[in-house]
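Visitor: Below is the structure I would like to discuss, written out as structure tokens.
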Amino acid sequence: MATVYEKAAKGNKKAMLALYESNKQRVYYFSRILLEDDLKASKATVKVFNEIWKRLETEVPECDADFKALLMQRTAKYCCNEILKADANAFQVKKLPEPEQDKSPELDTEIFEGDSENGLSHLNSALSKLDSCRKYIFLMYAAGRLTVRRISRVTKIKESSLTMLLSTTETQLSNTLKRLSAKDSRSDVPTYNQTASIFQNIEKSTKVPESIDAEIFNAIESIVKVRKKRLPKKAIIISGISLLVVFAIIISAVCIKASSKDAEDNTVTSYE
């Protein structure tokens, strides 16, 4: 039985719509977090899904986790290019002190109990203290849930350097959030390990603009029409190949039969 990804790759409208509906919030919110602009995030969402439909023709994910990872990587790549247009040095690694550990820190997801909007506001205050490179890499890691390897593919920064960046970012963010918490007696200041929970909470409540839905639906309709037109051509080619194979088999059978008859005639002649 074909998977939803295989069906989408063949231009199945229901499969494509199902993938869009189940992932549109994540793509739009992640784009908005990175680009900090609703209109740019809308454009990014449309571009990313259109790229994914083309990508599925040559690369079909095996499971939901693979598809989501591919989707987030493509989103990060598009946003990264847009960020670099505005600031060519956005991903320039300024300083890399030795990390306190050899591997990138695990971002344990602790549930954030406070108000997520207030928590995000405090987190943004802490993020503003980071240089742009560390900020974007942290967002890809925590909000986009991308692995170090995938972030490396997007940013072209070595995995070893990313490991160091994430380690130092954890220390800096943790200390900044602790200072903010000391100033605010409420529970709305998150800890470092609660940051992923905040991103997930805000993502779930994010409303995707209807204008994006309309553009995606139109794009899917166009793709479905184009791929349906390809099917008759493919069918003709396959039928032609099948006929050639059958013809070759018949010719081979005739040749073998003729050879056998000649062999029999030669045998009879030799006996005579």
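Here's the yes/no breakdown for (1) modelled with pLDDT of 90 or more; (2) of a type in the set (K, R):
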residue	(1), (2)
R186	no, yes
P190	yes, no
Q200	yes, no
A219	yes, no
V226	no, no
I238	no, no
V246	no, no
K257	no, yes
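Visitor: Within the range 141-154, is there a residue that is among the small types (G, A, S) and over 19 Å from the mean Cα position of the chain (by Cα)?
Guide: no
Visitor: Still on this structure: Can you pull out the residues in the range 148-164 that are touching a Ser or Thr at 6+ places or on another chain (Cβ under 9 Å) and touching a residue at least 40 places away in the same chain (Cβ under 8 Å)?
Guide: Those that are touching a Ser or Thr at 6+ places or on another chain (Cβ under 9 Å) and touching a residue at least 40 places away in the same chain (Cβ under 8 Å): V148, S161, L162, T163, M164.
Visitor: Does the range 147-159 include one or more residues that are in contact with a His (Cβ under 8 Å, 6 or more places away or on another chain), surrounded by fewer than 22 Cβ atoms within 10 Å (Cβ to Cβ), assigned to a loop (DSSP other than H, G, I, E, B) and not assigned by TED's automatic domain parsing to the domain that holds T75?
Guide: no
Visitor: If you don't mind, there's one more thing I want to ask. Taking the stated definitions as given, is V93 at pLDDT below 95, among the β-branched types (V, I, T) and either touching a Leu at 6+ places or on another chain (Cβ under 6 Å) or surrounded by 13 or more Cβ atoms within 10 Å (Cβ to Cβ) (or both)?
Guide: In short, yes.
Visitor: With the structure loaded, tell me whether L180 is out of contact with any Lys or Arg (no Cβ under 6 Å at 6 or more places or on another chain) and either surrounded by fewer than 19 Cβ atoms within 10 Å (Cβ to Cβ) or not in a helix (DSSP H, G or I) (or both) or whether it fails that test.
Guide: Criteria met by L180.
Visitor: Okay, next question. Of all residues being surrounded by fewer than 19 Cβ atoms within 10 Å (Cβ to Cβ) and small (G, A, S) in the range 12-38, which is nearest to the chain's Cα centre (by Cα)? Just the residue, please.
Guide: Ranking the qualifying residues of the range 12-38, first place goes to S22.
The values are calculated or read from the model by the stated rules, or taken from the named source; none is laboratory data. The structure presented is a predicted model; accordingly, all values stated were derived computationally and were not measured. When we count neighbours, we look across all protein chains shown, and the Cβ atoms used for this are built from the backbone with ideal geometry, even at glycine.
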